[in-house]
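**Q** One structure is given below, represented as structure tokens, and several questions about it will come after.
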Amino acid sequence: MRLPSIAESGFCIAASGPTELGWQPAPVPPDTAVCDDWVRELFDPADRRHRHPFITCTNWGPRFTIIKTLPYDRPNTTVAGFELCAACREEHTDPANRRHHAQPLACMQCGPTFQYERDGQVCSGTDAVIARVQADLAEGLIVAIKGLGGYLLAADATNDAAVTRLRRRKSRVDKPFAVMVPDLDTARRLARVDSAEASALVSPARPIVLLRTRADSGLADAVAPGNPLVGVMLGYTPLHHLLFASGPGAPERFPPVLVMTSGNVAEEPICFDDADVHRRLGPIADSICTHDRVIDAPCDDSIVRLVDDVELPIRRGRGYAPLPVRLPVAVPPTLAVGGEIKNTFAVAAGRTAWPSQHLGDMGNLETLAAFEASVARFTRFYGVDGAVAAVDAHPGYHTRRWAMQHAADHEVVDVQHHHAHLASLMAERSVDAGESVIGFVFDGTGYGADGALWGGEILIGDYTEVERWGHLREMLLPGGDSAANNPCRTALAHLFAAGVEWSESLPSVVACDDAERRVLARQLAMSTNCVTSTSIGRLFDVVASLLGLRHRITYEAQAAIELEVLAETADHAFPLAFLIDADGSIDPSPVVRGIAEAVRAGVEPAAVALGFHEAVVEAMVTCARRIGDERALTVVGLTGGVFQNVLLSRLATAALREHGFEVLTHRVVPPNDGGLAIGQAMVAAHGRERRGPQCA
Ligand code: ZN
Ligand code: FE
């Protein structure tokens, strides 16, 4: 059985109501957006909730972020302190009313209120607050706005100076900002939106949908520098709708499109605690728009892409978390701690897993604190006190260290990174125990069973065990981790391995200065200060650099995204092919040589970019067919962060299907490390090697 997406399941996941999921109640529903009925009330001068920014009903509104304890009833939420007025109480208790048992119910008389603050001056009153925020935004200022799962930083998305200032203050160099629009028509003016993308945009989850920006979008360049995609979401709280509309005291002109980005600095988690906001966001925001409804847990906006009209989760947060995932096989009570970057964890028991919301990169204390608090919260909600802690085998991961520190409470089980990726995919797609799958697990990096860095893996197996059938040939990457930020250095390493001279006719060579080249040459010749990696993620970076597209990156997958989008524009593919050995080792050298020749011959870069994607797909098909013949296997899984690449995913799926394979891709949890946790739980429960980890 396939888990319904939230768009299909709608509000059926209400706590005490009937559930259409049919197998497991979801006691904690996700936060959902305002529905059209509300929006009508919001702008109806005759309605008693006209312009009330906390309008809500039984079906929609804040849930996950305001529930403190179960069952989900008003006294157990953060609105417990707001005593309902007589009119609201009547609606709340009348079974015929559509606000019957709407727990966060509120009105102007009894609900929470917004407050605006700038330079120590405070103002309140909904209309005054909204007018001040609109005026600030129109002036090009940055406003921290408290939303459902935390504070968002808002700025006029058409004002380059404002967005650039936001980048500087947030220490965010190039990583794209998401934008918020009032409606679908505005989204269509910014980007191309097909019908599946439109459905995702207006779904109750209101995720950020990655769309192809129009040339005449009017967006400031600083919104997504050099990136042809833009993340767009529709307003999802009543306040958002009010911000995009004219009201009492509103300035004549206010921005039709807003940058809306998580309230944080660089890789820290989103700010959601009112006690923190001045310290954390004071240096970034010119003014603060806050309210007195407490957020119990942080929850970032979700991000999706669409592949062949199906939602591919990139980041799972608001609107989705904590929807449960039905497991095909039962597991003991387990806490799966997830990975290191884009962390989400999961608690699981029996045939249900509850993946957490996106928490972020574990390398800072703020995220670790959010992780600990969220683990405690999930444990409390679901009564799953993990007897088992499933962890990534990487000895350096903070999540694993955290589990080791708490090892008295549970048995710690190491799970190999890529096995976890594959098991996550298999679990969300309901692959039964004992059924074997061919897994193409392509990502940036993960700790291999041999202690090396893996990332271009062809695995065969099930929840119990996988065999590493093949992989991208091992490459020496100079400078270890810093290679990831410098695709031109990795490109030089690949040229070296492929026997291509570092001549200045190649953009990657020009991108490295003499000193850098000398150091690299010495490191590669003597294999010093190098790490061995089989990462396909890095190979995408290499190709982007070889084509002169991107030599240094400031956020993960920057070069790979640009390569994908360039390839999309090609009208033909330049032919390239990997060499695949009998032992399943995939040699990229012929591809690297072919690209170097193409670049020197002045071949259209887009054609080479597409040719590279097709070569990867061709190699996948060749390997899958060999395995299929040897083992009589017909199901192929595509997982790992590289499969956020929609073009690759689409081409690979089509080609494999053409050869008779059934192809599984992600629909519920992300293919990146944000989706690791449920696979960890499955492998920890069913894996053959249940060895305790060696202490790092
Ligand atoms: Zn009221
Ligand atoms: Fe990974």
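Quick note: the coordinates plus some simple rules give every number you see, no bench work behind them. What you see is a predicted model, and the numbers here were worked out from it, not measured in a lab. Positions of Cβ are generated from backbone atoms using ideal geometry, with glycine treated the same way; all protein chains shown enter the neighbour counts.
**Q** What whole-number distance in Å separates the alpha-carbon centres of the range 198-236 and the range 116-132?
**A** 29 Å
**Q** Continuing with this model, one more query. Quick one: which residues, 5 or more positions from Ser262 or on another chain, have an amide H under 5 Å from its amide H? H modelled 1.01 Å from N in the peptide plane, none for Pro or chain starts.
**A** Counting only residues 5 or more places away or on other chains, the set is Leu153.
**Q** Moving on. Please compute the modelled spin-label separation between Asp571 and Glu83, points set 7 Å along Cα→Cβ, answer in nm with one decimal.
**A** 7.4 nm
**Q** So for the range 309-353, Kirkwood radius off the Cα pairs, Stokes-Einstein at 20 °C and 1.002 mPa s: how many µm² s⁻¹?
**A** Details: Rh = 12.0 Å.
Answer from the Stokes-Einstein relation: 179 µm²/s.
**Q** Output wanted: per-residue J couplings in Hz (rounded whole) for the range 134-144, from phi through Karplus 6.51 cos²θ - 1.76 cosθ + 1.60, θ = phi - 60°, x for Gly and Pro.
**A** 4, 5, 4, 5, 5, 7, x, 8, 9, 10, 8
**Q** Sticking with this structure for a sec: How would you rank Cys488, Cys530, going from fewest to most other Cβ atoms within 10 Å of each one's own Cβ? Spell out each step's value before the answer.
**A** Working: Cys488 28, Cys530 18.
With the sparsest Cβ surroundings first, the list reads Cys530, Cys488.
**Q** Same structure again: Going by average Cβ density within 10 Å per residue, which order do the peptides 215-223, 193-201 take, highest to lowest?
**A** Taking the mean over residues of other Cβ atoms within 10 Å, the ranking is 193-201, 215-223.
**Q** List every residue whose amide H lies under 5 Å from the amide H of Gly637, counting only residues 5 or more places away in sequence or on a different chain, with H placed 1.01 Å from N in the peptide plane.
**A** Ile438, Gly439, Phe440, Leu664
**Q** Sort Leu579, Leu335 so that the residue with the fewest other Cβ atoms within 10 Å of its own Cβ comes first and the one with the most comes last.
**A** Leu579, Leu335
**Q** Quick check: pseudo-label points 7 Å beyond the Cα along Cα→Cβ at Asp273 and Lys68, how many nm apart are they?
**A** Here the answer is 1.6 nm between the modelled labels.
**Q** While we're looking at this one, here's another question. Please give the net charge around Asp160, taking every other residue with its beta carbon less than 12 angstrom from that of Asp160, where Lys and Arg add +1 and Asp and Glu add -1.
**A** Overall, the nearby charge balance is 0.
**Q** Right, here's the next one. Over the chain, what is the relative contact order in whole percent, taking alpha-carbon pairs under 8 Å and six or more residues apart?
**A** The value is 13 percent.
**Q** Over 42 Å apart: what share of the alpha carbon pairs of the chain falls there, rounded to a whole percent?
**A** Numbers: 64040 of 241860 pairs.
When every Cα pair of the chain is considered, 26 percent fall beyond 42 Å.
**Q** Can you find, among Ala511, Ala491, Leu476, the residue farthest towards the positive end of the dipole of the range 473-538? Put +1 on the C-beta of Lys and Arg, -1 on that of Asp and Glu.
**A** Final value for the positive-end residue is Leu476.
**Q** If you don't mind, another one. For Glu614, Glu83, Glu268, Glu311, which order do you get if you count the other beta carbons within 10 Å of each Cβ and list the fewest first?
**A** Ordered from fewest to most neighbouring Cβ atoms within 10 Å, Glu614, Glu83, Glu268, Glu311 come out as Glu83, Glu268, Glu614, Glu311.
**Q** I've got another one for you. Run the numbers on the range 548-658 and let me know its relative contact order in percent, using alpha-carbon pairs under 8 Å that are six or more apart.
**A** 28 percent
**Q** Once the Cα atoms of helix 365-382 and of the chain are each reduced to a long axis, what angle between those two axes, in degrees from 0 to 90 to the nearest 10, is obtained?
**A** Approximately 70 degrees, to the nearest ten.
**Q** Same structure again: Counting only residues 5 or more places away or on other chains, whose amide H sits under 5 Å from the amide H of Arg351 once H atoms are built in the peptide plane?
**A** Result for Arg351 returns Val331.
**Q** Could you work out the relative contact order of the range 310-390? I mean the mean sequence separation of Cα pairs under 8 Å and 6+ apart, divided by the number of residues, in percent.
**A** In percent, rounded to a whole number, it is 32.
**Q** Here's something else I'd like to know. Full-extension gain between Ser246 and Asp292, please, as 0.36 nm times their residue separation minus the C-alpha to C-alpha distance.
**A** Working: separation 46, 0.36 × 46 = 16.56 nm, distance 2.42 nm.
So the chain would gain 14.1 nm between Ser246 and Asp292.
**Q** Assuming 1.306 mPa s and 10 °C, estimate D for the range 325-392 with Stokes-Einstein, Rh taken as the Kirkwood radius over Cα pairs, in µm²/s.
**A** Calculated translational D: 133 µm²/s.
**Q** Determine the calculated [θ] at 222 nm for the chain from helices alone, applying -39500 (n - 2.57) to every DSSP H run no shorter than 4 residues and normalising by the residue count; nearest 500 deg cm²/dmol.
**A** Value at 222 nm, helices only: -9500 deg cm²/dmol.
**Q** In whole Hz and in residue order, list the ³J(HN,Hα) couplings for the range 407-423 that follow from phi through the Karplus curve 6.51 cos²θ - 1.76 cosθ + 1.60, θ = phi - 60°; x for Gly and Pro.
**A** With the stated coefficients, the range 407-423 comes to 5, 5, 7, 7, 7, 9, 10, 6, 10, 5, 3, 7, 5, 5, 3, 5, 5 Hz.
**Q** For the range 624-637, what does the Karplus curve 6.51 cos²θ - 1.76 cosθ + 1.60, with θ = phi - 60°, yield as ³J(HN,Hα) per residue in whole Hz, taken in order and with x for Gly and Pro?
**A** 3J(HN,Hα) across the range 624-637, in whole Hz: 4, 5, 4, 5, x, 5, 5, 10, 6, 9, 10, 9, 10, x.
**Q** Now, a different point. Work out how far the C-alpha atoms of the range 80-234 reach from end to end along every principal axis, then list the three figures in whole Å, largest first.
**A** Here the Cα extents, ordered largest to smallest, are 54, 45, 23 Å.
**Q** Also, I was wondering about something else. If you split all Cα-Cα distances of the range 204-278 into 10 Å bins from zero, what percentages do you get per bin, shortest first?
**A** Percent of Cα pairs in each bin: 14, 36, 40, 10, 0.
**Q** Dipole magnitude of the chain about its Cα centre, charges +1 at Lys/Arg Cβ and -1 at Asp/Glu Cβ only, in debye to the nearest 20?
**A** 760 debye
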